[in-house]
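The values are calculated or read from the model by the stated rules, or taken from the named source; none is laboratory data. Keep in mind the model is a prediction, meaning the values are calculated, not measured. Cβ atoms come from the backbone with ideal geometry, glycine included; neighbour counts cover every protein chain shown. Note: areas computed on protein heavy atoms with side chains; ligands, DNA, RNA excluded. Shrake-Rupley method; radii C 1.70, N 1.55, O 1.52, S 1.80 Å.
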Amino acid sequence: MATQKSGRPESGERRPGRRAVLGAAVLGAGTAVVGLPGVARADAKHGHDDLPVPTIVAHRGTSGYRPEHTLGSYQLALDMGAHVIEQDVVPTKDGHLVCRHENDITATTDVSAHPEFASRKTTKSVDGVSLTGWFTEDFTLAELKTLRAKERIPGTRQRNTLYDGRWEVPTLEEVFRWADRQGRERGRRVWLHIETKHPTYFRKLGLGLEEPLAKLLRKYGRHKKNSPNFLQSFEPSSLQRLNKLVGPPLVVLLSTAGSRPWDFVEAGDPRTVADLIKPEGLKWMASFAQGIGPTLDLIIPKKADGSLGTPTTLVKDAHEADLILHPYTMRNENTFLPTNFRKGTDPNAYGDAFGAFKAYFETGIDGLFSDNCDTALLAREDFVNS
């Protein structure tokens, strides 16, 4: 997931279909409701009938507490009770899918400390952005496995640096094996939220993501409509490809209103995110996807002073198009919170995250990505029991 990442629904009712139906009784026999008590999802049509609403998605695992996209980060998220755990996938030189937020691994691994890879440092243009560093597509999996993960933003999350060097960069296949093992031990399905990163960029390098991902999903029985994973991307064409290959629910990620998906840029499609969140754009996305993952600013824009403004109609409009919403990303630190929920002057200190969660939940969203899923789960419990 990208770093951009009032009032309850009218009369307190929840919409059916891809939305929520109150009460665990609606679930099929033997189906467990995951996580805290509250609203249970009933949506066999789209395969996520065992997830509660709102759903808490662990953003890159517990990236507020552990270096992101490591088995340690995923494990802690599962232990905390997160309903779904996110993976971003990029390829290695030899075509293996690994879990990194970006193909640029300069900030998330110790690659710069490996003299044998000094010559691999280079400058590339990725989706129109010039980046200098080390990139997964220049390493074989065996080479990448000699590296260790580290905290991406040590200035903000200094305690996370305690775990630098503890875990490898995991492959997606290793995550599937881990999830299957954890599912057997816990007696329930472990849900994942898998994002294809920069798919057009990688397709041009001969390292397309969709076919290898579909192959892995089929290998581990996660390719069906009711399989316990969402598939997401900022590029709609990636999801259209996946829609022809596998059956799990698809989620279109949406950045800032004025931005354009990179596949649109490459194809000369003039539409912006602002166009996609209009009713006609939502209807188009609903023709191949089951949900959207908008940045939170598309749900509640911020005022000039950084405080929350008035919610948009996106939640209502998306639900009318039969789309669920999993916006991103809530974090506990002041620096990431709207200004009216910050506490004190230390940007790295925790602010009033519970207040911010409440404001977003009250818009009627179906789920939310969070770096701090324990906080998110408590905020969710407050919301559903209020």
Exercise for the section: Considering only residues that are over 17 Å from ASP297 (Cα atoms) and small (Gly, Ala, Ser), look in the range 327-360 and name the one that is surrounded by the fewest Cβ atoms within 10 Å (Cβ to Cβ). Expected result: GLY344
Completion exercise
Filtering the range 120-149 down to residues that are of a type in the set (Lys, Arg) and open to solvent by 60 Å² or more (accessible area, probe 1.4 Å) yields ARG120, LYS121, ARG148
Completion exercise
Scanning the range 242-268 for residues that are over 17 Å from HIS193 (Cβ atoms), part of a helix (DSSP H, G or I) and touching a Ser or Thr at 6+ places or on another chain (Cβ under 9 Å) gives TRP262, ASP263, PHE264, VAL265, GLU266, ALA267
Problem - Search result, residues across the range 195-239 that are over 17 Å from the mean Cα position of the chain (by Cα), assigned to a helix (DSSP H, G or I) and over 29 Å from GLY183 (Cα atoms) - result: THR200, TYR201, PHE202, ARG203, LYS204, SER237
Completion exercise
Filtering the range 228-272 down to residues that are open to solvent by 30 Å² or more (accessible area, probe 1.4 Å), over 20 Å from LEU325 (Cβ atoms) and among the aromatic types (Phe, Trp, Tyr) yields TRP262
Handout entry: Of all residues in the range 151-181 being part of a helix (DSSP H, G or I) and among the polar types (S, T, N, Q), the one that is most open to solvent (accessible area, probe 1.4 Å)
Key = GLN158
Practice task
Look at LYS302 and say whether it is surrounded by fewer than 18 Cβ atoms within 10 Å (Cβ to Cβ), under 29 Å from LEU337 (Cβ atoms) and not hydrophobic (A, V, I, L, M, F, W, C).
Solution key: yes
Problem - Pairs where the first residue, in the range 274-292, is among the β-branched types (Val, Ile, Thr) and the second is part of a helix (DSSP H, G or I) and buried (at least 20 other Cβ atoms within 10 Å of the Cβ), C-beta under 7 Å, 6+ apart - result: ILE277/LEU298; ILE277/LEU314; ILE292/MET285; ILE292/ALA318
Fill in the blank from the handout: The correct count of residues that are within 12 Å of PRO170 (Cβ to Cβ) and among the β-branched types (Val, Ile, Thr) in the range 64-84 is 1
Handout entry: Qualifying positions in the range 361-386 - surrounded by fewer than 23 Cβ atoms within 10 Å (Cβ to Cβ) and assigned to a helix (DSSP H, G or I)
Key = PHE361, ASP374, THR375, LEU377, LEU378, GLU381, ASP382, PHE383, VAL384
Exercise for the section: Assess whether GLY221 counts as being open to solvent by 30 Å² or more (accessible area, probe 1.4 Å), of a type outside the set (A, V, I, L, M) and more than 22 Å from PRO52 (Cβ to Cβ). Expected result: yes
